[in-house]
Amino acid sequence: MFYNIVLYAALTVFGIGLIYKISGWFRFSIGIHAKNKTISARIPAALKGLIAVIFSQKLGTLIRVFIMDVLFQIRVLKNDKLRWLMHMLIYAGFMFLFFTHALDRVIPTSLFDRYYLKLNPFLLFSGCLVISGIAIAVYRRFILKVPRLKTNAMDQYVIILLAIIMLSGIALESTKLTSYNHYQKIWYIHILTCFLGLAYLPFSKMFHLFTTPASLLANSVMDKNSDPANIMTRQVMELDSCTHCGTCSFHCSVAVAFDSIGNENILPSERMTFLKDYITRKNINAQGLAAIQQGIYLCTNCDRCTINCPAGINLRDLWFNVREEMIQRGHSVSLMLTPFSFYRGLKQQELDPAQYDNPLHKAEKDLTDPFELVNKTEEIISLTPANREFKESADLSTRTGTYSYCFTCENCSTVCPVVGNYENPQEYLDLLPHQIIRSMGFGVKDLAMGSRMLWYCLTCYQCQEHCPQGVKVTDIFYELKNLAAKEASRSSE
């Protein structure tokens, strides 16, 4: 009676959790096309896409990926052999336990005579496999301390829960022929823990047992030409597919910034944890939002995270969609200061033209507004006394100090591709490169740092390479950008 009550209660919670999770893939959304994709459109699109794949040549791809990446986890093996061994030990042990222990009334009793009155060495062996896998997990996280592998509360809960299930199971099998009283006590612990794990499964990282294979299979047959509704559904599902293994953070090209700044959201694996809250519209304070913005906009779109993800998650597309959605919600940052501006330009055709320009104009305005003089073209500029404080702060390095070598030959402006792009460049750029350099020589801060040319610079180094005086024009622009950003930050406080 007790067994049946606990079993059905656990199955009920599991079923509710499963329905809630799967429905969330269609209820929640990520990206720039979210408003146009309703639940009523996404569910039929998913079914249509699934049927189309099954009755096409892509079925062979699904079978190959299922065997290689789901069953044998080849993607994990390529990245980390120790982690692969951990996974296979836990996976193989639990599969054997499921068929020979959880289904003992169906399979073992038909194969073994008097099954319940004998010590089953197969169960002890499979239990030891799982415990060995758990031991490797503990070793990697707490002793080996794999670089950038972060352990959160859910990781600890899963390890503890699995350990209790396995240790109580081994103790149960070991005492079933020796002490009935001890067997009964351990049985209650084992059964309760197993059913607790079953009920908790849809709400924990263990749910990746279902979602990671789904992610691997979906990404193997989907591309940028797939139905946008299915792409959106896949991206929401991928958040549940993340195992928090830290592989993406280990390979991330900007993860070194975390060592300096300390913002965990710079690490892709930690960012995934945040995004689960973000898409469900949970209350996120300004500090948390600023932290995730910094992590997202530092990304260089190098695609290392996507290539190395053992769950097959298309992380680069996910970051792009989240960044664009944040821009649409008004959470934009100075895109001209981020690597995202270049990648965003490559994806310009996928964006609404007005939406593409808005954050750029906002960033430009925020950075140039503190310097009003550049817009007062009729005003007479007083050159004495020069702004000595600005000239001293601009001399941040020996390279930037070369502005004093300039004799205004205008060679830098002549070879500049940005200047050459406009018929009347001063109308769009305010000052040309040689004029910015001369403004520094005069010590006129508002002219040197208020020009749009500073932010339209492509950093192609043409100006610097062609300067006959050896003025480090591009390097000077870098320094001025940093000073202007600090000035704009102080003005906004």
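A few comments on the model shown:
- Some residue of region 439-454 being without any contact (Cβ under 8 Å) to a residue 24 or more places away in the chain and buried (at least 24 other Cβ atoms within 10 Å of the Cβ): yes
- Top-ranked residue of region 199-231 - restricted to ones that are outside any helix (DSSP H, G or I) and over 30 Å from VAL13 (Cα atoms), ranked as modelled with the highest pLDDT: MET222
- Restricting region 125-140 to residues that are out of contact with any Phe, Trp or Tyr (no Cβ under 7 Å at 6 or more places or on another chain) and β-branched (Val, Ile, Thr), the residue that is nearest to SER168 (Cα to Cα) is ILE131.
- The helices (runs of 4 or more DSSP H) falling completely within region 232-346 that include 2 or more residues that are aliphatic (A, V, I, L, M) and buried (at least 20 other Cβ atoms within 10 Å of the Cβ) map to 268-279, 286-298, 315-328.
- Within region 398-430, tally of residues that are over 13 Å from VAL473 (Cα atoms) and within 39 Å of the chain's Cα centre (by Cα): 9
- Residue that is surrounded by the most Cβ atoms within 10 Å (Cβ to Cβ), among those in region 54-85 that are more than 19 Å from LEU209 (Cα to Cα) and more than 27 Å from the chain's Cα centre (by Cα): LYS58
- Restricting region 40-53 to residues that are β-branched (Val, Ile, Thr) and surrounded by 13 or more Cβ atoms within 10 Å (Cβ to Cβ), the residue that is nearest to the chain's Cα centre (by Cα) is ILE43.
- Cβ-Cβ distances below 7 Å connect no pair with a first residue in region 179-205 that is farther than 18 Å from LEU162 by Cβ, a second residue that is at pLDDT 90 or above, and a separation of six or more residues or different chains.
The values are calculated or read from the model by the stated rules, or taken from the named source; none is laboratory data. The shown structure was predicted, so the numbers you read here are calculated from the model rather than taken from an experiment. Every residue, glycine as well, gets a Cβ built from its backbone with ideal geometry; the counts of neighbours run over all protein chains shown.
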